[in-house]
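Since the structure comes first, as structure tokens, the remarks are kept for the end.
The values are calculated or read from the model by the stated rules, or taken from the named source; none is laboratory data. Treat the numbers as computed from the prediction; the structure is a model and nothing was measured. So basically every Cβ, Gly included, is an ideal-geometry build from the backbone, and we count neighbours across all protein chains shown. Note: accessible area is taken over every heavy atom of the protein model, side chains too, but ligands, DNA and RNA are not part of it. Shrake-Rupley method; radii C 1.70, N 1.55, O 1.52, S 1.80 Å.
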Amino acid sequence: MASWVSLLLFLFCQSVSRAQEEGSNVPILEFTTETVINNVVQDPQTGRIYLGAVNTIFQLGPSLHLQARAETGPREDARTCTPPASACQDTKPMPNLNKLLLVHPSNGSLIVCGSRYRGICSLLNLTNVEQQLYYSDSKGERTYVASIEDNVNVVGVMSNYSKDGNAFSVFLVGKGYGSLDSTKLISTRILQDFRDWVVFESIIEASTVQTTPFVPKYLHDFRLAFKDNGYVYFLFSRTLDGTDNKNLTFVSRLCEDDHHYYSHTELQLNCGQNNRYNKVQAAYVASPGKELARAMTELGGDSALCMYPLNSINERLVDIISACYSDSGKMSGVPAVDIPYSSKTDEFCTSKIAASTSFCGADFLPSPLASKPKFALKANAVWTRPGLLTAVAVAVENDHTIAFLGNTQGEVFKVELSSDLLLVCSTFKKVNKNLFFDLSQNHLYITTEKKITKVPVQTCLQKKDCQSCVELRDPYCGWCVLEGRCTRRSECRRAEEKNGWLWSPRQHCVKIVSFYPPNLSCKKTQKVQRSNCPRFENPDPVLIPVGFKTRISFEGIHLDLYQTSHHLFIKSKTFIKYKKISIMHSPLTTSPTVTLYNCSMGREDCSLCKNADPKYRCVWCAKQRACVYEKLCNPDQQGSKDPYNTECPDPQITDIIPRFGPLQGGISITIRGSNLGIHKEDIKSISVVGVPCIHRQEKYSVSTSVVCEIGPVDPKNTWGQVEVEVKGGKRGTSSMYFTYRDPIPEMVKPSRGPKAGGTLITISGRFLNTGSMDDVQVTIGGVDCTVEQFGEEITCRTGEYGTDKVPSDPLTITVRYGKSTTTTIPSAFQFLENPIISITLAFYLESKCFHDILSITVDLPLQGRGFSKAMTAKEAQAFVGDVPCLVNTLQDDKLFLDPPSTTPSARSRRHRRDTRPELLDLTIKFGKGEWVVGSVQYEKKNDLSLYIIIPAVIVPMLLIIAISVYCYRRKSQQAEREYEKVKHQLENLEESVRDRCKKEFTDLMIEMEDHTNELSEGRIPFLDYKTYTDRVFFLPSKDGANDVMITGKLNIPEARRATVTQALNQFSNLLNSKTFLINFIRTLERSHDFNARAKVYFASLLTVALHGKLEYYTDIMRTLLLELMEEYVHSKNPKLMLRRSETVVERMLCNWMSICLYQFLKDSAGEPLYKLFRAIKHQIEKGPVDARVKKAKYTLNDTGLLGDDVEYSVLTLQVLVQGEGPDVTPVKVLSCDTISQVKEKIIEQVYRNLPYSQRPKVDSVTLEWRPGSTGQILSDLDLTSQKEGRWKRINTLAHYNVRDNATLVLSSVLHIQQNYDQNQENHEERNALLEDDKVFHLVRPADELDEMKSKRGSIKDKSMTKAITEIYLTRLLSVKGTLQQFVDDFFRSVLCSGAVVPPAVKYFFDFLDEQALKHNNVDEETIHIWKTNSLPLRFWVNILKNPHFTFDVHVSEVVDASLSVIAQTFMDACTKSEHKLSRDSPSNKLLYAKEISTYKKMVDDYYKGIRQMVPVSDQDMNTHLAEVSRSHTDKLNTQVALHQLYQYASKYYDGIIASLEEDPAAQSKQLTLRLQQIAAALENKVTDL
């Protein structure tokens, strides 16, 4: 590889804007966080990205989609607190900065260290960071790892440690000094408990680098830690001797197995002339060349890039160590060695020992060591730039070294270090240190303050011509001449040919100088006699290589008859096929055949090329890196004289399958790649993580695949690379890693099954996907269990337990991985006796009297047992003869069957030969078991023969009696059967509801994943502040959305507008007089016609008018509340205060809470509320919803429950939007949905990225189905609508027979309006439909005729119908169980005092507590009620019942009904009174009866937690309110509010004037006069002026 120590000259790119324009089409993936990103790491095995941000750890996929997140803060802490925090005083919520983030792949954990609790760390699950594997805050100072100081950097690197024959995973930490931190500059932390050691303990005590005195003054600033070839390196800056503040850059090195840090040696690194660039900012270790690239800066503000080969660093360190140990610390007679962090001045390098290059020090030798400044390792600045560089990443492309550099200005530069070009300028926000490549090195991750972005390292393919390609000047790019593309060199097949690939920075394109031949012939046709037709035979050669000009000779016949020239064309359809050669001038009687072949097809590497049949004469051309015909490879391109003896390149490994294996080995792994030999004997050795792997020669594939069996590994090193050595000593090493780990099975479901086998069991645990499916064997007590699915869980089907007696104890499940690893789950599965079956048959044939009679003979008199334990009704099968029966109900000891509707025939030939009445076997099958449990016989009853001697009178009487008895018994038996059937259904009801809840919840969680991208703040459709306040304040008013406060439209003549505006401003000033406003409000509330609705509206107007001075508004509210409190405490029941909005101040309080909690809604509670709303909506729409009666199959509200079973199926429609391109959108709907319901679902899916207000409405679009050549407009009602008496059913998809995967077109009404207008018949059809309003959807309402019919029905029928209808109430339980988590999440977000509590809540609750102390008759229960009435009932219930107040969504009636149930539950949870439930209690109360106690405790804890918080002062509250006023007031319709408020002043003008005149304070301020002046200006009111 080319040297990295090359001079870099600087040439600025032409313009930043041009580079941005060129990259505008590049697909850029990004992820934004709410808080600052501190650290980023990448899993080297999976490519997952982990972001360590303030208060949060994010787990992202390689494409930056969010997989999981773990909240790490804020946490209650104090700077001087020693954990646990519960024992500390004066704690407060403090942000948790991420200090250290390390991937520990061998045990699947993520090491996370934060700034809280003295820098304690935790272990999170790599596959799901929401799962915390370890955390403890009670182990003391020895486990404090990081720093609580924001400006102290912490770095770390994974390593191994061995002691007493035990190997441990550890990580080394480098940390600067914090005033309250531990003083360990470098420490080694263990990751498991061992003897006296605990997790995260510092297990090495070394006074050399862990003593207190020196740490503060040296100002260590760590930037990187990495490991290489048995050494651990730390890169940092510090002062030279602690006497000045100038930072110098050092690299220190430790032996990885040095248990005392004796080998710690520091080397000063100088960058630029006179070490101008002295302080390290960022660093990158480039693995291709083992080079260290560093971005450095000087204090003056300039930055530079310096490059240091790692072997140069090691050589200089060895020189320093050798000088001290053997040459008295001198090099060439000059002192070269120093001991840092020491005040000693005497000689310390007095030893005379010969130290090898790998010597790691000793206790009798001086340590630590450091180089003197004169012997620092120097490097020239290969690239410089004004400003501060903050990040660097280095790659190698085509032997060119490329550096990506980020700076504080938000620029990312791509610099080719061996040329004079700066290639890319991309502007981001300030780039931080986390700049790195993905696993393929094809993309770059760029991290800024709150965002990580994934961008491609090159955009070659965007350039379509050579000129634009070379103008790009990108070292990754070049013009591939023969393919006419701008590509990377590796993507151009003939790049090695001269001028085959033109490197972009060289600025050269191909010019056409001449071409040959100068002309071309065209076709010509003429008629010839067939006998004289020319033809060719015996072509030579028959094999023709592609790309090489080859002369072909033929034997021709009758060619002399045609003197014109003949042209030959080779026609081909694929690369290597038999080709036809023909003359185009005349018809041929024969067409000779030749074979064209391409050496490179199927021979992508050298070994495959050498394995080709010699007749093709294919050779590997080293320079072209391709398999070509021998004459296509020039000698100077070949690299050797004999092309057939060319040595193949080193093997390359592209994949390892599987990537995980057990510690004891014994499984086979497949290594895929290229140049892996030609013969199986070519494989000389294979090692996996340094352990030999036995080659399985019988599974060898030439060059591409090698299979070997891994052996046991040393537990000290459990993960690493795979290496293959082939003939000739060539080695290939994988870039991906193989990990040894032992699988740990933990649990089995189900835990029992019949001895006949067939039970499907699931084994769960950790690391179960070790090895592959072929390696795993599962046995249960010696019985094989066939593995059917293999992954993070293992699924297998049990075999038959062979012995007669089944053991009473559960058996051990053994999971064997390969030959050497066996894991067990003790007492995990129990075989049960097979079900013993006898059948209670309840058969009844619907037939007329004296027809076929069914008789049953049961051979087995034993009672059955164990049915329901063994399997379900769906798994059981029953047969009468050869016809299956329907298994209706399955109980533990009974089985109910529905008989065949037709007479079956015998299954066995023996029965068929029997001439007696047909005796049919009744057969029951459970899994693999089959039992014949009885016989069923169909007999014909002979017709009744009447004797003539029976008197004619008696016969009719007997017949009537017999028929009556028969019919009576028939009715009785039918009723008994119905009763028995319902009884058994009810007995199984609870279990079925539980199963349904679990299934529905699982389905919901899976399907809700599609909405996760919407749940970040950017995608949740929060309303802006103005719309939010408009809806909360004025949407419930009588005018609704048309209220003037929402529309903002005032009808004021233009001529009076200036006068009115001026007068309203004066009125605003008047409202800012507390004396006037209090009198104004008191006057209105004394008026009898000032009703509750008017009070609410007036208070909302007042809130908007005073929004610019919320501190004043709060003062008014407090004053009025004190008056209200006095009134209730002394003359009314105090517990009733704030219960309803009976006064202006109560509504003012509600509005005040709405204003102060808006940001809390957006930041915290909004997301779980939106999730809850979406979950309810999604669950309801999964089942039928009656569009007319507004009832649904899935709901929480019993009054909105659809009490009928509606047949339906789920359809996926392919929707094409007219005018928006050819792309179709799949949409899931129900076959029973009305057309309008289908439109709603289509609009929601197609326009899911738009808020509801910006989507087209249902009435504005039309749906067209095109099943054939003609389209059909779908509508709710048309002439095809089905009629049932006077009622007409609304059309559904099933009515139109729309099938699954049908294509529908969504158009705007305007688009298809012309088609309607052209068809007069359609007009008449729609007009006729409008006249008929007797329509229904799923359930037809009972009309008069139905009622009359129902009156004729028996009382028994009615009661039965009602009983069966009540069964559907269990759907409430199912829906409730499915939504439970979302309800709990919302309640927790609202009622959690441990999280951020809005200051307004704390402020107001403290106000209530203060006032309660002043009154003797106010107890704790009353205070609880006041708080409940002021916050949960006054604000949260309103928000919960009306999600459209917060979000831009539509809330349907069926969704609103379910939200009302949850809101009622929330209200019940906030009350102190106990709810006594009975059978007569409403279903909605019974539904959440179990959870109410938990919710009540949450409310109590919430109130207690708020009381214990630090008080919010008046000053803090006013500051907060002033910020809200400043941010939002200018968006509100303040002038309109003032105008509307004045209407009340005008209406009650006389009373207000009288009140002001009676108030001395008002008189002194001349408030009466000011109001009169305003009235005169606004409405020309006659005054006394």
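List of remarks:
- To the nearest 10, the accessible area of residue 961 is 100 Å² with a 1.4 Å probe.
- Taking the protein heavy atoms of segment 1375-1506 in the context of the full set of protein chains, the accessible area attributed to carbon and sulfur is 52 percent at 1.4 Å.
- With a 1.4 Å probe rolled over the protein heavy atoms of all chains, the accessible area of 1519, 1428 falls in the order 1519, 1428, largest first.
- For residue 390, distant residues with modelled amide H under 5 Å away: 406, 407, 408
- Net +/- balance of residues flanking residue 133 in space, Cβ distance below 15 Å, scoring K and R +1, D and E -1: -1
- Computed from the C-beta positions of residue 193 and residue 257 and an R0 of 25 Å, the FRET efficiency is 0.70 to the nearest 0.05.
- Taking all protein chains as they are arranged and a probe of 1.4 Å, the heavy atoms of residue 679 leave approximately 100 Å² accessible to solvent.
- Protection proxy ranking of 1510-1516, 725-731, 302-308, by the mean of other Cβ atoms within 10 Å over each peptide's residues and highest first, is 302-308, 725-731, 1510-1516.
- Extension gain for the segment residue 1513 to residue 36, taken as residue separation times 0.36 nm less the Cα-Cα distance, is 528.8 nm to one decimal.
- Alpha-carbon centroid distance for the pair segment 694-711 / segment 1256-1304, whole angstrom: 62
- Percent carbon-and-sulfur accessible area, segment 1040-1191, ignoring ligands, DNA and RNA, probe 1.4 Å: 46
- Flagged links, alpha-carbon separation over 31 Å, of 1441/1547; 1228/1496; 925/981: 1441/1547; 1228/1496
- By average C-beta atoms within 10 angstrom, highest first, the peptides 1429-1438, 479-488, 1125-1134: 1429-1438, 479-488, 1125-1134
- Residue ranking by accessible heavy-atom surface, 1.4 Å probe, largest first, among 1494, 595 comes out as 1494, 595.
- Here r is the Cβ-Cβ distance between residue 311 and residue 362 and R0 is 25 Å; the resulting FRET efficiency, rounded to 0.05, is 0.50.
- Given their separation in residues at 0.36 nm each and the Cα-Cα distance between them, residue 1047 and residue 1132 gain 26.5 nm when the chain is fully extended.
- Each residue of segment 105-112 was assigned a 3J(HN,Hα) from its phi angle through the Karplus curve 6.51 cos²θ - 1.76 cosθ + 1.60 (θ = phi - 60°); the sequence is x, 5, 10, x, 10, 10, 8, 10 Hz, with glycine and proline shown as x.
- The base-10 log of I(q)/I(0) for segment 1434-1572, evaluated at q = 0.10, 0.16 Å⁻¹, reads -0.73, -1.03 [Debye formula, identical scatterers on Cα atoms, solvent excluded].
- Note on residue 92 and residue 819: the extension gain reaches 256.0 nm, defined as 0.36 nm multiplied by sequence separation minus the Cα-Cα distance.
- Accessible surface calculations at 1.4 Å, restricted to protein heavy atoms, place segment 1481-1585 at 54 Å² per residue.
- Accessible area expressed per residue, segment 1025-1068, with surrounding protein chains retained (probe 1.4 Å, Å²): 53
- Checked against a 31 Å cut-off, the cross-linked pairs 463/498; 1171/1283; 1190/1283; 92/227; 971/1490 give Cα-Cα distances beyond that limit for 1171/1283; 92/227; 971/1490.
- In this calculation the C-beta distance from residue 1058 to residue 886 is compared with R0 = 56 Å, giving a FRET efficiency of 0.10.
- If you take all other residues with their beta carbon under 11 Å from the beta carbon of residue 1460, and give Lys and Arg +1 and Asp and Glu -1, the sum is -1.
- Ligands, DNA and RNA excluded, the heavy atoms of residue 1198 present near 50 Å² of accessible surface to a 1.4 Å solvent probe.
- Each Lys and Arg Cβ is given +1 and each Asp and Glu Cβ -1; about its Cα centre, segment 1457-1585 then shows a dipole of about 660 debye.
- Net dipole in debye of segment 1066-1214 [+1 Lys, Arg Cβ; -1 Asp, Glu Cβ; about Cα centre; nearest 20]: 140
- Neighbours of residue 97, meaning other residues whose beta-carbon lies under 15 angstrom from its beta-carbon, give a summed charge of +1 when Lys and Arg score +1 and Asp and Glu score -1.
- Residue order for 454, 139, 1109 - accessible surface, 1.4 angstrom probe, largest first: 1109, 139, 454
- Peptide packing: for 386-399, 1095-1108, the average count of neighbouring Cβ atoms within 10 Å per residue gives the ranking 1095-1108, 386-399, highest mean first.
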